[in-house]
Amino acid sequence: MYERIITVLPVKKIKEKKQNITVWSFADISKTIDQWLNDWVGATWATVFEMVIAGVCVIGLFALLGLVLVIMERKVAAWIQIRLGPNRVGPKGMLQSLADTVKLLVKEGMTPDGADKFLFNLAPFIAMIVAMLLMAPIAFAKDFQMWDLNVGVLYISAVSSISVISILMAGWASNNKYSLLGAMRSGAQIVSYELSAGLSVLAIVVLTGSLSLTDIIQSQQNGWWIFKGHIPVIIAFITFIIAVTAETNRAPFDLAEAESELTAGFHTEYSGMKFALFFLAEYVNVFIVCAIGATLFLGGWMPFHIGSWEGFNHVMDYIPSSIWFFGKTFFLIFLIMWFRWTFPRLRIDQLLNLEWKYLLPISMINLLLVTVMAIMGWHF
Amino acid sequence: MFEEVAKTAEGDLVINVGPQHPATHGVLHLLITLNGETIKKVEPHLGYIHRSIEKMCESLTYRQFIYVTSRMDYLSAHINNHACALCVEKGMQIEVPDRAKVIRVLMDELTRIASHELWWGAMAMDLGAFTPFFHAFRERETINDIMEETCGARLTMNYMVPGGVMQDLHPDFQRRVKEFLVLYKRKIHEYDEMVTGNIIFQNRMKGVGYISPEDVISYGVTGPAARGSGVSSDIRKLYPYEIYDKLQFDEVLETAGDSFARYLVRLREMDQSIRIVEQLIDNIPEGDFQAKTKAVLKLPKGEFYTRVETARGELGVYIVSEGGTTPYRIKFRSPGFSNLSALDHMVRGGKLGDLVASMGTLDLVIPDIDR
Amino acid sequence: MFITDYIKDVFGAMKSLGTGLKRTLYYFTHHKEIITQQYPDNRATLVLPDRFKGEVVMPHDEKNEHRCTGCTACELACPNGTIKVVTKFDITPEGKKKKAIDKLVYHLELCTMCNLCIVACPSDAIKMAQTFEHSVFDRSQLTKVLNKPGSKIMEGVE
Amino acid sequence: MTNEELKIQLTALFPTATWEEGTEWPTFQITPAEWSTVANELRTNDALKFDYLFCETCVDWKTHLTMVYHLSSTNFRHNIVVKAKLDRTKPEIATVAGIWRTAEFFEREVYEMYGVNFLGHPDLRLLILPDGWEGKNPMRKDFEDPINMIKL
């Protein structure tokens, strides 16, 4: 049997009333499309078409995210650095990243002599593929999810650790000492930070009792975990943010590409579109980890509700769920960008110290606390 | 590279940092032997921006050669010019008017602040924080504007001439400097908030690039880099020139000897320079800005040596004169050259990240090293 | 106590990071602090200080007269050989030969704007102009003749 | 120590030195052969303690070369200048890189610029000139480079 790509789950009705109030859902649209395709070409072809639609959507989202995040990063950086930022191409410089993309597309993609050509050219695509795979289980809005996996959280932590392979591959195949050093740093870094990222995600899994992202979002209908879970969840959130910053190789953990030490680290030798793919993969990875953070800790597409303020909750419900999701995600992305333009870079031994001496013990103890909390039912 | 790594038994990696590298702020070329991330040896290769200034000066007259020295340590161009002017004045025994002396000291200290501002931003940038660089430039630009107004140029002013300064102060000078002082006092605490107090920054700097006082003296390290190890080496205090002996300021000393100590010395030195500027800005005496000198300067036969304190350390100007209009031999003892010689000693055994931290606190200006 | 030190460490670190974040957030939200000057756009309002050393020019008055006597003081003062004075001999109304400049050639590409020629000039014939956009497509365009064609020396300048 | 006291003491220590008059700091000339012992004495003598070599350079006098060492004491704050006359065709002098480590770089610079051979220098290679530099030493007075040197 084919797995349905656009799946419509029966939403657990925790509060029947709320379910009626939430006005706008992608479920109807996807259902209609599914129905129509089934009637028209039959079940098999309908699945194929749905896959194609999903693929096109992902690629489109990719391109869009790349453009938006690059311009966002540049504007955030500029304003923090008391500059204006890009303001020439398009209205207020909003098309600057499009111009950059065109420039990168027409640039010559060089492969250095002595490089391992196959691995060298493969590495950026692996980075991209990993980022694309990670898109699958993310719930972008209510009932809008490509693949509602029952082990979504596990899937994300499993797939995201493949990204280190692309970096190692790029570093080794470039035949460049800077690249090699950068890749080795990155390997050590991502492998270590996976641990505390995983542990802080586990805190939410323990509280929810499910690995499925849909269930996790549903469990936050009466309040996001960051508010419901007391201090332990806040600690888990902070460790998560630190760990994913490190995992995506962003400053202050950008040792893999530390330009004052390694010029550009693992992508020193890359140019043109191959460089752009790495660049894009980095930004999409940032988006994905922030989306996961938003889903786990900030309730995904769930609107913000305050206890018994019926009127307020009502208003919040009228804001579309996709806006809630993207709002939360972009808030987290802003946090990560804000870190990048504020902090100096760590040294490699300090980076590992931070993980093994601080983050890991803290998140372990924290997980214990969360478990106790979950068993005793102390959370709201 | 695969073969190369396999060949060296210990797995040492030889890396070229520079001549085009973000951390070297110029065309310094360091050949680094690494074992993993640990530095085993640093070997500087110089000469990428060597313009043979000493040889050029041999064919320039005593008025002309001063402009070339702006191009050595371009961040403290005024102080370089000052050293040359002082050396010529020492040889010719020209008495400089009081007003010129005060103007020179004011300009020197403003240059020192500007130089340290740039260093601060570049230092933070070396360690991966980009924002401070732009914030440092806000204050630095103000000084550059003041320089532009009075001297006519922002970086290579050629303002000091034997016997005084080239032009009188601009009428707006005092007002602009006072505005700068207000701006500086409003913004200086942000430096601590953004960089000094930052835990990542402190961890990157503390205990990194240690150099003992004995080594400081032996390697001839001068300036803030020496004072970070507790070696008193401020020429303004030890061998006062111009009016420095009449001014109230402290020689900033730290004893830790690591990068953080050198960092703190520079930051606090900016405060001392501000103190000097505050003392002088309202007390500029009236009078000539230039002593009456002959059109053609001729130094008597002999040797003349002056030492001044630039933003980076001790600058020595050694003129050997044969009695003609041009120097027979001129030697610039540049602070960066000696400071660089200690780099290998400082970073050996440290991590690659420590190299940029140590190099940043030495505040190397490559044209100053190469001359 | 190890545990209290550890916790103190963590909180101290967080606090120091927070201070920095607060400062950058301030600048992120306060756009009036932006100091960027958008250079080619503000060209109309851009005022350079009157002492700015852009290039050497020779001012001429409305009768196309300059103050240069052709004494070559500037040529001697120049450290780079930027200025070359080409002299000729004019016949004065009294029938005497008088030295005057034919051309004052100025090589902008060699000039370091050190101001020494201006200081050296005994008759204030040359001065620094406040121009700074010197880029041209051909290097030969940087070699300029400072005196205008047909110009004469001003009356009374010796 | 004042210059006069310094001069008296140094005269007692190094009777062979020839003194120059009318200089800012006590200046004396020695032969290259004795430089090694003189340098050691200047560095280690408790009353002198010249621990800081602040300038080391060479002057080409067309007939001979002169090494000029500017020494200072961080303890007593006195300065002296030591000179050594070298043969122009085969200039050789003992290194002081082991006594003042800053001399290592200064001597490498003098080596390539003037061709002075420093005996016992740990790492006497070209520092500023490009690798494989052949020909004359650029800072000597008779150096000619018809391509890059412009006579105005």
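Annotations for the structure displayed:
- Cα-centred dipole magnitude for chain B, charges only on beta-carbon of K, R (+1) and D, E (-1), debye, nearest 20: 680 debye
- Along the stretch D:84-95 the Karplus relation, 6.51 cos²θ - 1.76 cosθ + 1.60 evaluated at θ = phi - 60°, assigns HN-Hα couplings of 9, 8, 10, 5, 6, 7, 9, x, 9, 8, 6, 7 Hz to successive residues, with x for each Gly and Pro.
- The Cys residues in chain C with no partner Cys Cβ within less than 4.7 Å of their Cβ are C:C68, C:C71, C:C78, C:C111, C:C114, C:C121.
- Rg/Rh for the protein assembly as shown, where both radii come from Cα atoms and Rh is the Kirkwood radius: 1.05
- Rounded to the nearest 500, the 222 nm mean residue ellipticity of the protein assembly as shown from helices alone is -15000 deg cm²/dmol, with -39,500 (n - 2.57) taken per DSSP H run of at least 4 residues.
- With Cα atoms, 0 to 90° folded angle of helix A:26-41 axis to chain A main axis: 80 degrees
- Proxy reagent accessibility, fewest Cβ within 10 Å first, across D:K141, A:K142: D:K141, A:K142
- The calculated FRET efficiency for the pair C:D61 and C:A129, based on their C-beta separation and a Förster distance of 22 Å, comes to about 0.85.
- Cα-projected label distance for C:V145 with D:T63, points at 7 Å along beta-carbon direction, nm: 5.2 nm
- Among the residues of A:258-268, the average count of other protein chain beta-carbon atoms within 10 Å of the residue beta-carbon is 5.
- For the stretch A:24-106, with +1 on Lys and Arg beta carbons and -1 on Asp and Glu, the positive-most of A:L105, A:L61, A:A78 along the dipole: A:A78
- Sites count as exposed loop sites when they are GluC sites (Glu not before Pro), lie in a DSSP loop, and have at most 16 other Cβ atoms within 10 angstrom; the longest stretch of chain A without one is A:109-380.
- Computed E for A:M376/A:A158 - FRET, C-beta separation, R0 35 angstrom, nearest 0.05: 0.70
- Here A:F312 and A:I129 are evaluated by their C-beta separation; at R0 = 56 Å the FRET efficiency comes out at 0.80.
- Partner shielding of C:24-37 amounts to 6, given as the average count of beta-carbon atoms from other chains within 10 Å of each residue beta-carbon.
- Stretching A:V151 away from A:W36 to a fully extended chain increases their span by 38.4 nm, per 0.36 nm per residue minus the current alpha-carbon distance.
- Residue among B:N81, B:N198, B:N16 with the largest mean-square fluctuation in a Gaussian network model of chain B, springs linking Cα atoms under 10 Å: B:N198
- Beta bridges by DSSP in the stretch D:1-125, antiparallel share as percent, to the nearest 5: 75 percent
- Residue (of B:G163, B:I199, B:P213) at the positive-pole extreme of the stretch B:159-214, dipole from beta-carbon charges: B:I199
- The alpha carbons of the stretch D:3-88 occupy a box of 37, 26, 24 Å along the principal axes, longest dimension given first.
- Applied to the stretch A:179-184, the Karplus parametrisation 6.51 cos²θ - 1.76 cosθ + 1.60 on θ = phi - 60° returns per-residue 3J(HN,Hα) values of 4, 4, 4, x, 5, 5 Hz, with x for Gly and Pro.
- Label point distance in nm, D:E92-A:V106, each placed 7 Å from Cα along Cα→Cβ: 6.6 nm
- Note on the stretch A:164-275: dipole from Cβ charges, positive end direction compared against A:V191, A:I165, A:I231; the farthest Cα belongs to A:I231.
- Between the stretch B:91-146 and the stretch D:80-152, the alpha-carbon center distance in angstrom: 34 Å
- Between helix A:272-297 and chain A: long-axis angle, C-alpha atoms, 0 to 90°, nearest 10: 30 degrees
- Charge dipole (debye, nearest 20) of the protein assembly as shown; +1 at Cβ of Lys and Arg, -1 at Cβ of Asp and Glu: 1560 debye
- Pairwise centroid distance, computed over Cα atoms, of the stretch A:262-319 with the stretch A:145-199, Å: 18 Å
- Our summary of shape: the Cα atoms of chain B have principal axis extents of 70, 49, 34 Å, ordered from largest down, in whole angstrom.
- Chain C: most fluctuating residue of C:T36, C:T131, C:T24 per GNM, C-alpha cutoff 10 Å: C:T24
- Between 0 and 90°, nearest 10: helix A:117-135 axis offset from chain A longest Cα axis: 20 degrees
- Spin-label model, C:I34/D:E20: points 7 Å from Cα along the beta carbon direction are separated by 6.1 nm.
- GNM remark for chain B: springs join alpha carbons under 10 Å apart, and the peak mean-square fluctuation among B:A342, B:A122, B:A295 falls on B:A295.
- On full extension, the segment bounded by B:Y74 and B:A295 gains 76.8 nm, given 0.36 nm per residue less the C-alpha separation.
- Modelled label reach - D:R77, point 7 Å along Cα→Cβ, the stretch D:20-34 residues with backbone N closer than 19 Å: D:24-26
- Ranked list, fewest to most other Cβ atoms within 10 Å of each Cβ, for D:T2, B:T325, A:T295: D:T2, B:T325, A:T295
- Rg/Rh ratio calculated on Cα atoms of chain D (Kirkwood radius): 1.01
- For the stretch A:66-80, the residues whose backbone nitrogen is under 19 Å from a point 7 Å from the Cα of A:L98, taken along Cα to Cβ, are A:66-75.
- Assuming charge only on the beta carbon of Lys and Arg (+1) and of Asp and Glu (-1), the dipole of the stretch C:4-116 about its Cα centre is about 140 debye to the nearest 20.
- Members of B:K101/C:K144; B:K206/C:K32; B:K298/D:K62; B:K178/C:K22; C:K88/C:K127 lying beyond 26 Å, as alpha-carbon distances in this model show: B:K101/C:K144; B:K206/C:K32; B:K178/C:K22
- Cβ neighbours within 10 Å from other chains - mean over C:78-85: 3
Bear in mind that the values in this text are calculations on the coordinates, not laboratory data. All of these numbers come straight from a predicted model, not from anything done at the bench. Ideal geometry is used to build each Cβ from the backbone, glycine not excepted, and the neighbour counts take in all protein chains shown.
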